[in-house]
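What follows draws every value from the coordinates through simple rules; no lab data is involved. Bear in mind that the values here come from a model prediction, so they are computed numbers and not experimental data. Positions of Cβ are backbone-derived with ideal geometry, glycine not excepted, and every protein chain shown enters the neighbour counts.
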Amino acid sequence: MPSVAQAPLSVPRISLHDFSTRREEIKEQLMSAASEIGFFTLVDHEISLEEVNKAFGLAERFFDLPTEVKQKYPWSPRNQGYESNQQIRPSTGYPDPKESYQVGFQRTEEQEALWPTEEDCPGFRRETEEFMRKVQGLSVKVMELFAEGLGLPANTFTEGTVAPEGTDKADSMSTLRLLKYHDCQGKDFGEGYMRAGAHADFDVMTFLFQRKGQSGLELCPGRKISTEFGYGDTWVPIDVEEGAIVINVGDQLMRWSDDRLKSTFHRVRCPRPGEYQGARYSIGFFNQARRDTVIQGPAKAYPKITGGEFIAQAMKRNFEAAQAKAKAKAYEISQETIEANKGFEVSGTGLAPVKAAA
């Protein structure tokens, strides 16, 4: 069983106070945090606590809608829309006990159909888009510093993730995700049960907003390459600080940086009796490379891949791994049975002897 560190790891806390005069200092802090741990918290930023609380209010309003209303805006193959108990992590083999709603910047017909109507949720779209644009604006500041720190033009990640205004933004893949983990009061699922199984994010960078008192996020430092699971078995809790944004490097940025910046595995632990067991809300903004953006670092450690290809490849890999995990849990075959059944194959009507090749 993976252990949880008793003494909290020092996840870097980076202040953006006096940004213009401290720019170089902040850049160094960001590069150090992203290179060594892959996680850090951002404080003294431009998104007020009032704006964050308002966004959580939007999430509550949406998730409080009747199930049949939420299901009018179902999750789509483009990784947007509403889902409930459907996301299976390869690390667990079972669905995360949560519901989520995810939207992006596109102005396509498909995206338009995923926004709740004014009748279903008055003001929801306008206020959600305002928050999403505010977070994206802050992310641009951070991404520019990372680009400079890697010796790239400052606009590398901005142009690579932010679709131009005045277009339908059809190639934009960045998303805002509202999440609600289910209430589990009075229940004990055991130490190993997760609200979100161990995973690394596919994106360039994730900005996560949490509510004070609703903890559970843990990280496992240690990543070799973006296609592997994490190694090491010590998980470190990340305490929730009101107003702080938890930021982590994603697999796309790890690849884009030739592995200089680390995408780290993380999870959300299910609370045990004696801890807060009510619903847990969080909001994630996922900066993702645009569909046709070519991802390749300055040292060309990896071959070229587009943002769309990267996400498709990652989702396919996760789906296959989750399926394999689920099957392995459901069906275990002893070595004795394997030996006893040599020479037979399973047919549609049962066992049949293996036929010799003609």
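Assorted remarks:
- Which of Val142, Val249, Val52, Val43 has the fewest Cβ neighbours within 10 Å, and the rest in rising order: Val43, Val52, Val142, Val249
- Cβ-based exposure ranking for Val204, Val140, in which fewest neighbours within 10 Å come first: Val140, Val204
- Rounded to the nearest 20 debye, dipole of segment 3-310 from Cβ charges on Lys, Arg, Asp, Glu: 540
- Neighbour-count ranking [beta-carbon atoms within 10 angstrom, fewest first] of Lys134, Lys316, Lys98: Lys316, Lys134, Lys98
- The overall shape of segment 3-310, judged from the alpha-carbon gyration tensor, is rounded, with an a/c ratio under 1.5.
- Remark: segment 1-136 is approximated by an ellipsoid whose semi-axes, taken from the C-alpha gyration tensor as √(5λ), come to 33, 23, 14 Å, largest first.
- Tensor-based shape of segment 157-201 (alpha-carbon gyration tensor, a/c under 1.5 rounded, otherwise prolate or oblate): prolate
- Loop-located trypsin sites (Lys or Arg not before Pro) across segment 264-309 with a Cβ neighbour count of 16 or fewer within 10 Å are Lys300, Lys304, with loop assigned by DSSP.
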